[in-house]
Number of protein chains: 4
Amino acid sequence: MEAALELFGSFGYHATSISKIAKKAGISKGLMYNYFESKEDLLHAIVIENIEEHEAWWNDIIKADTSPFEKLKWIIEKAVEMVRKDTHHWQLLTSLAFQPEIMKGLEDVLGQKQVEVMGQLVAIFTELGWEDPMKEAFFYGAFMDGMFLHYLQMIDAYPLDDMKNYLLKRYDL
Amino acid sequence: MEAALELFGSFGYHATSISKIAKKAGISKGLMYNYFESKEDLLHAIVIENIEEHEAWWNDIIKADTSPFEKLKWIIEKAVEMVRKDTHHWQLLTSLAFQPEIMKGLEDVLGQKQVEVMGQLVAIFTELGWEDPMKEAFFYGAFMDGMFLHYLQMIDAYPLDDMKNYLLKRYDL
Amino acid sequence: MEAALELFGSFGYHATSISKIAKKAGISKGLMYNYFESKEDLLHAIVIENIEEHEAWWNDIIKADTSPFEKLKWIIEKAVEMVRKDTHHWQLLTSLAFQPEIMKGLEDVLGQKQVEVMGQLVAIFTELGWEDPMKEAFFYGAFMDGMFLHYLQMIDAYPLDDMKNYLLKRYDL
Amino acid sequence: MEAALELFGSFGYHATSISKIAKKAGISKGLMYNYFESKEDLLHAIVIENIEEHEAWWNDIIKADTSPFEKLKWIIEKAVEMVRKDTHHWQLLTSLAFQPEIMKGLEDVLGQKQVEVMGQLVAIFTELGWEDPMKEAFFYGAFMDGMFLHYLQMIDAYPLDDMKNYLLKRYDL
DNA sequence: GATGAATGAGGATTCATTCAT
DNA sequence: TATGAATGAATCCTCATTCAT
């Protein structure tokens, strides 16, 4: 899964062959099929694992007994930390964004997760006193993903911390 | 090129075969090779054509004899109009963002263009009196691309005009 | 189709690879897929072609304006002639007899054909005055197929004409 | 062997994998190789076991101290009983009839057995006073195998007892 | 005796590309 | 300019078989 994620992220799902994954993982081609039913199944496993990982810290924050200010700050810091760590995963998800056929079977999970997160963001912005919390949530999401998109393409050339600080300042954090 | 763009955008470069493109375009597979050296060449032609198209209106605006306020407003309006029209093109570019091998040979053109645009944006924000115009250009870029990314995934469900208005308000336009 | 029939008949459907078929046919592996959607599709095409060929002469006889004696004699002579000529086809059908998954999609056609033929045989035996024409049709079918089965396994060592004559004598032909 | 016979009979030798056999037998894939050298060896063991089983009752009958009438009746009754019981075995043998490579190494045993049985049948028909006992043996064999072939394909829809009675009547049994 | 992880050859299928017409 | 038959490399996947435990 590690090898596959790296290759999927760097070259895309379709451009990565099972052969290359196996070689990188140091196993035989056939062995992959002892653990995953298909290439698609491997992809799904990777995506799900990562979703769960993110869900974990997200829920920790949401359920934490702190102010919405604290929560939002925490979320932003953590998200930036994560994108720095899970580079390949974000690249993979982005390049897959417009290929629903490949994600078939995950759409439901992903969609539901998205709705959930959005709701929790709206709740936070409501608590923070924003006039139109829904719109602010959309703004937050757009900026966050755009920032990540650019970071993933430029990496060290991107002023990620500056951008993060912009957000923190916006919310007086 | 039209047929290819639509398919590349909807299903991705690798998942789209020359056969399907030819069928959609109503020509034979062989004929494509009279006009394009390869599948990759076709992709490059599509990308370049679109870049030039965008360069055209962008330059028109930049060179126009108006205030930076007017220019920025114009750029934002036009960009939003374009993403609405050229859906497939943006989808294609996004899904290709992390597949450098396919874009080999275009990287230079794209990179140079990006630098140019960035410089012109910085100039505008400087004229507008922003304290850190570079940072603002990055912010603008991140929000714009993030907004487009979400719009392309949700289309009608996305409050694109609200987001656009957010930007306009930010710059007092 | 010719090459495939010969190999399918001699070695069985599963033991015959597309590679071997292509080599025998003197074409590339890929070309087969210009004409048939899959290996299974190729098999079906072969089976259907043969069914239609047999249906042709069978219907000619059934509709002919002759006595039931003449018809039955004709059928027996023709069937024996056919098994001698279409050796591989009969081998193929026999080896596939117990693998319904492979024949999926043909079962209906084959089943219906079988019912039809059976009905026409019963009609003939009725006209010939047999007490239990249904039972006689079953007898006829069993003997015919058993005879063919043995012929296909022993070929020249099998007294096919003797067996045919046995049948002709049974019906006073 | 039991599990393998069932699967081989139902789906064919090639379409049945060692994995499926092991799962059905409730053992590991590896364990099979402690008892059989290969998949082919397993098949051979199954076929040989069954041949020996049939040889047993066949020899009992042949050596029995009764009239040829009694013997033939006994043989017919027993054979019909066997096909009803050993459905999978007959299906397997039939589907393998035209795949000599798989049966390599068994051809001799099977061929010899066939010659032996044929000789004993001829002896019986000679004793029964048939003019051409050889031809009658071929007739008997063809009808018997054809009848079984049809029975195995139609099972309950086939009038097996009627067909058996036909034979019994033919020999005044 | 028993397991199942691991292998790798081989199979069906796809597809960019070529080329005779 | 246009076709589409033909190719063959590459892809995903299966499976008999081995072997350390």
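Details
- Residue-count net charge about D:L93 - beta-carbon cut-off 11 Å; Lys, Arg +1, Asp, Glu -1: -2
- Region A:1-46 and region A:138-173 have Cα centres lying 31 Å from one another.
- Between helix D:68-85 and chain D: long-axis angle, C-alpha atoms, 0 to 90°, nearest 10: 30
- Legend: distances between Cα atoms for A:K23/A:K78; D:K63/D:K113; A:K29/D:K104; pairs beyond 23 Å are A:K23/A:K78; A:K29/D:K104.
- When every Cα-Cα distance of the protein assembly as shown is counted in 10 angstrom steps from zero, the calculated P(r) takes the values 2, 11, 17, 16, 11, 10, 10, 9, 7, 4, 2, 0, 0 percent.
- Taking other C-beta atoms within 10 angstrom as a stand-in for reagent exposure, A:I18, A:I75 fall in the order A:I18, A:I75, fewest first.
- For B:L31, label point 7 Å along C-beta direction: distances to other copies, nm: 2.6, 5.1, 6.5
- On Cα atoms only, tilt of A:160-170 relative to the major axis of chain A in degrees: 30
- Counted by neighbouring Cβ atoms within 10 Å, the residues D:M154, A:M82 run from fewest to most as D:M154, A:M82.
- Approximating the spin labels as points 7 Å out from Cα along Cα→Cβ, the D:M118-to-A:I62 distance works out to 7.9 nm.
- What the pair-distance distribution of region D:7-66 shows, using all Cα-Cα distances binned every 5 Å from zero, is 4, 16, 20, 20, 13, 8, 7, 6, 4, 1 percent.
- Counting beta carbons within 10 Å around each of B:I102, A:I27 and listing the fewest first gives the order A:I27, B:I102.
- Euclidean distance between Cα centres, region A:59-106 to region C:67-132, Å: 67
- Between helix A:107-127 and chain A: long-axis angle, C-alpha atoms, 0 to 90°, nearest 10: 20
- Sorted largest first, the principal axis extents computed over the alpha-carbon atoms of region C:42-173 equal 42, 34, 24 Å.
Every number here is computed from the coordinates shown, using simple stated rules; none is lab data. This structure is a prediction, so every number in the text was calculated from the model and none was measured. Here the Cβ is made from the backbone with ideal geometry for all residues, glycine too, and neighbour counts use every protein chain on show.
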